[in-house]
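*Asks:* Mind having a look at this structure? Questions to follow.
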Amino acid sequence: MTLREACQYGKERLKEADVPDAEWDAWLLLEYAGGFTRSHYYAYPEEPLTEEAWQRFREALKMRSRRIPLQYITGVQEFMGHTFQVNEHVLIPRQDTELLVEEALRFLKPGMKFLDLCTGSGCILLSILAECPHVTGVGADISAEALKTAEQNRKHLDQKAVLLESDLFEKIEGLFDLIVSNPPYIPRGEIAGLMEEVRDYEPVSALDGHEDGLYFYRRIAEESRSRLKAGGGLYLEIGYNQGMEVSQILKEQGFVQLEVKKDLAGLDRVVKGIYPG
């Protein structure tokens, strides 16, 4: 089977399984299975696919047809221009989260120290360090498996960062100029209605924000006060409809200069606050 025929075959199989973006996913899985670039594909569409690549491609199509996320099949996801390793122990980095990184970079200055809570794959922590090398970064997560993934990404990106297994601030010491977090924020009752890829395969512990989705915001806002320097920032990713509620939570804990930043889709995505000390 040629590369062109294999790509068409993959598109048809994924369409039969009602996979969203079947054509795009078929191409990416073929690229993954065959180990070639798109320019090579366009230059040599009639090149035969090797038997090894064909078998790998068919297996990948079966996995995607079961709605296993594409990124868990290929094992990687792009974020802030970097390639991160991902697996079933961490959330897949999303473009929306890049706004949190961009806002953190505007705040940080050389010599500052920041903390990334619920670090997962380490995409926020390591992307900040890659763009702002003269700051110190600490990443914390309750999941030991997630931290193994973050450590792999730390080594791959050759960044210096401290990674701690901690239930939020449980094992965090010292003071920080900035705390960032993309915590679990999906209301528990809404998880069953999420896309299959998210509901069935991404780690529930990284999604479940308890009854109203605000549990972790309350904890972080309260507990961060003893870990922020005077004038320190608390920057949180939020769900599209949580801007007012999370802002109120921060206000009740003494945070000032509150802002809600919108993502490229015009939806509330980040709440920012300053703790006066």
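The values are calculated or read from the model by the stated rules, or taken from the named source; none is laboratory data. Model, not experiment: these values are computed from the prediction. Ideal geometry is used to build each Cβ from the backbone, glycine not excepted, and the neighbour counts take in all protein chains shown.
Yes/no per residue for (1) out of contact with any Cys (no Cβ under 8 Å at 6 or more places or on another chain); (2) under 28 Å from Lys109 (Cβ atoms); (3) in contact (Cβ under 8 Å) with a residue 40 or more places away in the chain; (4) in the same structural domain as Leu91 (by TED's automatic domain parsing):
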| position | (1), (2), (3), (4) |
| --- | --- |
| Asn153 | no, yes, yes, yes |
| Gly174 | yes, yes, yes, yes |
| Asp177 | yes, yes, yes, yes |
| Ser181 | no, yes, yes, yes |
| Pro184 | no, no, yes, yes |
| Arg188 | yes, no, no, yes |
| Ser205 | yes, no, yes, yes |
| Asp208 | yes, no, no, yes |
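*Asks:* Okay, next question. Against the definition (over 20 Å from the mean Cα position of the chain (by Cα), surrounded by 15 or more Cβ atoms within 10 Å (Cβ to Cβ) and either closer than 21 Å to His156 by Cα or in the same structural domain as Tyr9 (by TED's automatic domain parsing) (or both)), how does Ala43 come out, yes or no?
*Replies:* no
*Asks:* Determine the pairs where a residue that is without any contact (Cβ under 8 Å) to a residue 12 or more places away in the chain, located within segment 69-80, has a partner that is of a type in the set (Asp, Glu) with Cβ atoms under 8 Å apart, the partner being 6 or more residues away or on another chain.
*Replies:* Nothing qualifies.
*Asks:* Kindly indicate the residue of segment 251-277 that is hydrophobic (A, V, I, L, M, F, W, C) and modelled with pLDDT of 95 or more and also surrounded by the most Cβ atoms within 10 Å (Cβ to Cβ) among those meeting that condition.
*Replies:* Checking each candidate, the answer is Val271.
*Asks:* Condition first: surrounded by fewer than 17 Cβ atoms within 10 Å (Cβ to Cβ) and among the aliphatic types (A, V, I, L, M). Now tell me which residues in segment 144-156 satisfy that.
*Replies:* Ala144
*Asks:* Is it fair to say Trp54 is over 21 Å from Glu197 (Cα atoms) and touching a helix residue (DSSP H, G or I) at 6+ places or on another chain (Cβ under 8 Å)?
*Replies:* So Trp54 fits the description; yes.
*Asks:* Are any residues in segment 8-31 under 14 Å from Lys62 (Cα atoms) and not aliphatic (A, V, I, L, M), and if so, which ones?
*Replies:* Within segment 8-31, Tyr9, Gly10, Lys11, Glu12, Arg13, Lys15, Glu16, Asp18, Asp25 meet the criteria.
*Asks:* Among the numbered criteria (1) in contact (Cβ under 8 Å) with a residue 12 or more places away in the chain; (2) part of a helix (DSSP H, G or I), which single criterion is violated by Ser39?
*Replies:* Failing condition for Ser39: (1).
*Asks:* Working only within segment 86-119, note down all residues that are among the polar types (S, T, N, Q) and over 11 Å from the mean Cα position of the chain (by Cα).
*Replies:* Asn87
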